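**Q** My questions will all concern the structure given below.
The values are calculated or read from the model by the stated rules, or taken from the named source; none is laboratory data. As the structure is a computational prediction, the values presented were derived from the model and not from experiment. Methodologically, a virtual Cβ is constructed for each residue, glycine included, from the backbone with ideal geometry; neighbour enumeration extends over all protein chains shown. Protein only, heavy atoms only, side chains kept; ligands, DNA and RNA dropped before computing areas. Shrake-Rupley method; radii C 1.70, N 1.55, O 1.52, S 1.80 Å.
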Amino acid sequence: MAVYPIALDGSVFGWASDAKATSSTLDLFYAAGGDLISTADHYAGGRSEIMIGSWLARHASRERLVVATKVGKHPDAHGLSRTAMRRAVDASLERLGTDWVDLLGLDHEDPDVPIEETLTAAHELVLAGKVGHVSASGFSADGLREAIRVARRLEIPGITTLLPEYNLLEREPYEREIAPIALSQDLGVLPRTPLASGFLRGDFRSRHDKPASPIFAGALKYVNRRGAAVLAVLDDISDEVGQHVGRIALAWLLSKPNVAAPVVRVPTARQLADLMPAANITLTPEQLARLDDVTDS
C-alpha cells in the first residue's frame, strides 16, 4: 500500500477527544491528503472505532482511505485464536460501518495460540474480503521471525507491516532487533508514539507541564537531562529550517529505511495541523547525524 507519509492514531478518539474534536481532526487529516487511520478494537472500549465509523459514513470516498484496526485485546474477543479473531473482526466492521479493513493488526503475540492458527485465520479473513493486509504490533524479534517462517511454510502472505514503538527517544530494541527483519523482508513500518507522547513536540519541558489527558502522561518520563539534550538539538534544527520541532522529529523518522508513515497521536485538529507539513521536510545528512548522535544511547 502507498500511503501519505503521516498516519493518524485513533487511540485518543473517545478518550482524550470527544465526538466534535474527533470529527474536526479527521476532517483536517483528510483535507490535507492523509489517508491511513489507525485504531484498535479495544481503544476507549470500542468508541474509537464507532467515532471513526460515524465519520466514514459522511464520506463517499472509502476507497481513498486506508483503515487499520488491531485485534487481540478486546474483552469480548480476547486473544488471537481463530474464533476470537473472527468475532473481533466482525465486531470491528460493525463499529466502523464498513465491509472491510485495509490493515488488520495482530496486537501482540498470543502465547496460548499457535501462530499457525492465527495466520491461517487472518488469511481466511483476507480471502473472505474482510481484510486487505495483516500487520503486527508488539511482536518480539523471535515471534516475528517465527510468523514469517510459518507463513512461508503455509504459503500464505502473512505479515506485511509492522507497528513498533519507535521515536528519537525509543530507538531500542527496534533498531537492534526489529529493523533488520523489516529490511530483509521488505516490511512496511508505521512507528507508534513517534513523538514520545508529545514530548518531542516540545509540550513538556519541565515537571510543571502537565498533560491534558492521562494518555499523554508517558511524556513526563522524558523530562530529564537526556530529554533536554534532545530538545536542544531539535530546537537548533527547528531554527535552521524554520519548522516546528515536532515536524523535525517526524522528518527524522521518515528518513529511516522502510518507514512509511509515523502514526501521530494528537488530541486536537490544531496540533495535527502543526505536524502534517513534516511529510515534505528533508533534513540534511548533517542534521540527521546530530539527531542520531544525541539519541544514540
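**Q** If you place +1 on the Cβ of every Lys and Arg and -1 on the Cβ of every Asp and Glu, how big does the dipole about the Cα centre of the chain come out, in debye to the nearest 20?
**A** Rounded to the nearest 20 debye, it is 560 debye.
**Q** Right, next: Relative to 2.2 N^0.38 Å, what does the C-alpha radius of gyration of the range 23-107 come to as a ratio? Two decimals please.
**A** Values: Rg = 12.6 Å, N = 85, 2.2 N^0.38 = 11.9 Å.
The reported ratio for this selection is 1.06.
**Q** May I ask for the net charge around Leu169, where only other residues with Cβ less than 12 Å from the Cβ of Leu169 are counted and Lys, Arg are +1 while Asp, Glu are -1?
**A** Details: positive: Arg171, Lys221, Arg226; negative: Glu165, Glu170, Glu172, Asp296.
Computed value for this residue: -1.
**Q** Work out how much length Asn258 to Val294 would gain on full extension: take 0.36 nm times their residue separation and subtract the Cα-Cα distance, in nm to one decimal. The partial results should precede the final answer.
**A** Values: separation 36, 0.36 × 36 = 12.96 nm, distance 2.23 nm.
This chain segment gains 10.7 nm when fully extended.
**Q** Between beta-carbons, use under 11 Å as the cut-off and find the net charge around His78, counting Lys and Arg +1, Asp and Glu -1. Walk me through the numbers on the way to the answer.
**A** On the way: positive: Lys73, Arg87; negative: Asp41, Asp76, Asp107, Asp110, Asp112.
Taking every Cβ under 11 Å from that of His78, the sum is -3.
**Q** Still on this structure, please answer the following. Could you sort Val263, Val3 by accessible area so the largest value comes first, with the probe set to 1.4 Å? All intermediate terms of the calculation are to be shown ahead of the outcome.
**A** Working: Val263 5, Val3 35 Å².
Of Val263, Val3, the descending order of accessible area is Val3, Val263.
**Q** Now for a different question. As I understand it, the dipole of the chain uses +1 on the Cβ of Lys and Arg and -1 on the Cβ of Asp and Glu, about the Cα centre. Which of Gly33, Ala2, Leu220 lies farthest toward its positive end?
**A** Leu220
**Q** Over the range 90-143, calculate the relative contact order: mean separation of alpha carbon pairs under 8 Å at least 6 apart, over the residue count, as a percent. Spell out each step's value before the answer.
**A** Details: 47 pairs, mean separation 26.2, N = 54.
After rounding, I find 48 percent.
**Q** To continue, here is another question. Taking the simple approach of a point 7 Å from Cα along Cα-to-Cβ for both His59 and Asp235, what is their distance in nm?
**A** 3.7 nm
**Q** While we're on this one: Express the accessible area of the range 186-270 per residue in Å², computed with a 1.4 Å probe while the remaining protein chains stay in the model.
**A** Details: 3540 Å² over 85 residues.
Accessible area per residue: 42 Å².
**Q** Run the helix sum for the chain: -39,500 (n - 2.57) per DSSP H stretch of 4+ residues, divided by residue count, reported at 222 nm to the nearest 500 deg cm²/dmol. Walk me through the numbers before you get to the answer.
**A** Numbers: 10 runs with 117 residues, N = 297.
Result for the chain, helices only: -12000 deg cm²/dmol.
**Q** With a/c under 1.5 counting as rounded, go ahead and sort the range 126-182 into rounded, prolate or oblate using the C-alpha gyration tensor (a ≥ b ≥ c being the square roots of the eigenvalues; past the cut-off, prolate if a/b is larger than b/c, else oblate).
**A** Values: a/c = 3.55, a/b = 1.73, b/c = 2.05.
Oblate shape, in that a/c is at least 1.5 and b/c is the bigger or equal ratio.
**Q** Related question: Provide, for q = 0.11, 0.19, 0.20 Å⁻¹, the log10 of I(q)/I(0) from a solvent-free Debye sum over equal Cα point scatterers in the range 124-232.
**A** -0.48, -0.94, -0.99
**Q** By how many degrees, between 0 and 90 and to the nearest 10, does the Cα long axis of helix 225-241 differ from the longest principal axis of the chain?
**A** Computed tilt is about 80 degrees.
**Q** Extending each Cα 7 Å along its Cβ direction at Glu94 and Asp76, get the distance between those two points in nm, one decimal.
**A** Modelled inter-label distance: 0.5 nm.
**Q** Please give the helix 115-127 orientation as an angle from the longest Cα principal axis of the chain, in degrees from 0 to 90, rounded to the nearest 10.
**A** Roughly 80 degrees, rounded to the nearest 10.
**Q** Below 8 Å, C-alpha to C-alpha, sequence gap of six or more: please give me the relative contact order for the chain in percent.
**A** Numbers: 520 pairs, mean separation 56.5, N = 297.
With pairs under 8 Å counted, the relative contact order is 19 percent.
**Q** Percent relative contact order of the range 26-117, based on C-alpha pairs within less than 8 angstrom and at least six residues apart? Don't skip to the end; give the middle numbers.
**A** Details: 123 pairs, mean separation 27.7, N = 92.
Across the range 26-117, relative contact order equals 30 percent.
**Q** Assuming a ≥ b ≥ c are the square roots of the Cα gyration tensor eigenvalues, decide whether the range 1-43 counts as rounded (a/c under 1.5), prolate (otherwise, with a/b larger than b/c) or oblate. Spell out each step's value before the answer.
**A** Working: a/c = 3.21, a/b = 1.37, b/c = 2.35.
Cα axes put the range 1-43 in the oblate bin.
**Q** Count the lysine pairs in the chain that are 8 or more places apart or on different chains: how many have C-alpha atoms under 30 angstrom apart?
**A** Lysine pairs meeting both conditions in the chain amount to 14.
**Q** Cα gyration tensor of the range 218-297, axes a ≥ b ≥ c as square roots of the eigenvalues: rounded (a/c below 1.5), prolate (a/b > b/c) or oblate? Display every interim value, and only then the final one.
**A** Values: a/c = 1.43, a/b = 1.10, b/c = 1.29.
Because its axes are fairly even, with a/c under 1.5, the range 218-297 counts as rounded.
**Q** Helix 19-31 versus the longest principal axis of the chain: what angle, 0 to 90°, nearest 10, using Cα atoms?
**A** 80 degrees
**Q** Taking +1 at the Cβ of each Lys and Arg and -1 at the Cβ of each Asp and Glu, which of Trp100, Val89, Leu154 sits farthest along the dipole of the range 80-158 towards its positive end, judged by Cα position relative to the Cα centre?
**A** Of the options given, the answer is Leu154.
**Q** For the range 55-102 and the range 115-176, write down the distance between their C-alpha centroids in whole Å.
**A** About 17 Å separates the Cα centre of the range 55-102 from the one of the range 115-176.
**Q** Moving on. When the chain is modelled as a GNM with alpha-carbon springs shorter than 10 Å, which of Asp41, Asp102, Asp110 fluctuates the most?
**A** Taking springs between Cα atoms under 10 Å, the residue moving most is Asp110.
**Q** Another question, if that's okay. What is the distance, in nm, between label points placed 7 Å from the Cα along the Cα-to-Cβ direction at Lys221 and at Glu146?
**A** 2.5 nm
**Q** Let me ask something else about it. Once neighbouring chains are kept in place and the probe is 1.4 Å, which whole percent of the accessible area of the chain is contributed by carbon and sulfur? Kindly include the intermediate steps, with their values, before the conclusion.
**A** Numbers: 6530 of 12740 Å².
Carbon and sulfur together cover 51 percent of it.
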